[in-house]
Amino acid sequence: MRAMVTAATKKPRARAAIIGLGFSAMSRQPIGTIRELAATAIAAAAADAGLRLKDIDGLLLNKSPTAATDELPLRLHNDLGMRDLALLAAMDSEGCTAVQMVQYAALAVEAGLAKSVVCVFADTPLKGKGGGDTFAMAMPLSGIESWEARQGFFGASAGYALAARRHMALFGTTHEQFGAYAIACRQWAALNPQAFLRKPMTMADYLASPFVVEPFRVFDCCFPVNGAIALVVTSVERAADAPLPATYIHGMGQGHRGRSGLRGDEAEVDTGATQAGRTAYRSAGVSARDVTQAQFYDAFSYVGLLSLEGYGLCRRGAGGAFVARGHTAPGGKLPVNTGGGHLSGFYLQGVTPLSEAVIQSRGAGGERQVDNELILVSGNGGCLDYHACLLVSPKKRLN
């Protein structure tokens, strides 16, 4: 009977692989333009993959929605001396763009459109003394053109705070549960030399921190930096020649529910993450129970709680209780954002969780290394509007 087992009964094989990871310098001070930082990260990712820039024939670009349109131009490939590209595009799906870039790169190499594709995100939101920052944009939630701007409803924190309040009203989620998530991220960051906020934080420290907009305190909010990160995606076959262990892409999904504005449409708690996760699990031939760690886009603590629910890692409404029991912290049964995430690691939008997933997949996490059998990576854009995810592993085929 065993001899009759066919390939059709096995788990699907990986679709593509990430073989290069490159960082620019990262700082809270001005360190260069978006264009310069992107070029540095791309060169570093190519070297990490054991490739020359001329070996790369695809380039996908992602800049922050708040950056000027000419700060990361398509002609960036000329800066790097990259010629005869088979794939070139600038993408914008807000905070889930980085994950989508890797998805489209994987599909491109699988289809033979390109051989090796580099995906890069770069941003310089912090301008230094007197320069301000670029985070005070209106979040379009009402569906009424420019209403939010006219009402002074600026900043992502306002929109996400309203969503968090809805979760609190529906499920009894508490300030202390948001605090538990933030503290777990800080505990992970203490194990990550690259994290920006590593000082130990207690619940008393968290509760004593000032509100930004209720229910969010300072420690519930992301910690932005200037910098860039790039990744190189190639085929499973070419990944065998990479100098470092490959991160194999097994599942991909997206979900964009839209907002009807009608009664009963709970866009603040029921998001496209459910659809994205369902698609990814199906394509990889696994379920949420198989995930051994998660790297979430968590610009606010509430997003981490909601992602646990949306991706089926705990039941609806139970994210707060799940985190409060220590399940996502070091030593917990489901490690989440093992580099500190956006709250204590650094905020470079979707490449923050992607970079940590690659580090974990390679077994290069040092003190923070955990089981890397199957890693869920998420991206989230707008105010819980746009969702994309990946399922990655160090294995070509899942058990």
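The values are calculated or read from the model by the stated rules, or taken from the named source; none is laboratory data. As the structure is a computational prediction, the values presented were derived from the model and not from experiment. Methodologically, a virtual Cβ is constructed for each residue, glycine included, from the backbone with ideal geometry; neighbour enumeration extends over all protein chains shown. Remember, those area values only see protein heavy atoms, side chains included, never the ligands or the DNA or RNA. Shrake-Rupley method; radii C 1.70, N 1.55, O 1.52, S 1.80 Å.
Things to note:
- Alpha-carbon Debye profile of the range 236-286, log10 I(q)/I(0) at 0.16, 0.24, 0.30 Å⁻¹: -0.62, -0.88, -1.03
- Accessible solvent surface per residue of the range 1-120, calculated while the other protein chains remain in place, 1.4 angstrom probe, Å²: 47
- At least 18 Å along the helix axis (C-alpha) and Kyte average at least 0.0, DSSP helices within the chain: 34-48, 97-111, 156-171
- Atom-type composition of the exposed protein surface of the range 217-354 places 50 percent of the accessible area on carbon and sulfur (1.4 angstrom probe).
- When the helices of the chain are scored as -39500 (n - 2.57) per DSSP H run of n ≥ 4 and the total is divided over every residue, the value at 222 nm lands at -8500 deg cm²/dmol.
- Think of the range 215-303 as having a plus end and a minus end, set by charges on the Cβ of Lys, Arg, Asp and Glu; of 229, 258, 296, 258 sits farthest toward the positive end of this dipole.
- Whole-percent carbon and sulfur share, accessible surface of the range 76-127, 1.4 Å: 47
- Taking θ as phi - 60° and the Karplus parameters 6.51, -1.76 and 1.60, the scalar couplings of the range 214-228 work out to 4, x, 8, 8, 3, 7, 8, 10, 5, 10, x, 9, 8, x, 8 Hz in sequence order, x denoting glycine and proline.
- The range 217-233 and the range 66-84: distance between their alpha carbon centers, rounded to Å: 21
- Convex hull (Cα only) mean projected area of the chain, reported in nm² to one decimal: 20.4
- Modelled spin-label separation between residue 325 and residue 28, with each label point placed 7 Å from Cα along the Cα-to-Cβ direction: 3.6 nm.
- Estimated at 0.36 nm per residue, the fully extended path between residue 283 and residue 54 surpasses their Cα-Cα distance by 79.2 nm.
- Neighbour-limited loop hits for trypsin sites (Lys or Arg not before Pro), the range 334-399 (at most 15 other Cβ within 10 Å; DSSP other than H, G, I, E, B): 396
- Residue-normalised accessible area of the range 292-368, given per residue in Å² at a 1.4 Å probe: 23
- Between residue 127 and residue 145, the simple label model (points 7 Å from Cα in the Cβ direction) yields a spacing of 2.8 nm.
- Put a dot 7 Å past the Cα of residue 292, heading toward its Cβ, do the same for residue 399, and the two dots end up 0.8 nm apart.
- Per residue accessible area of the range 145-247, 1.4 Å probe, in Å²: 43
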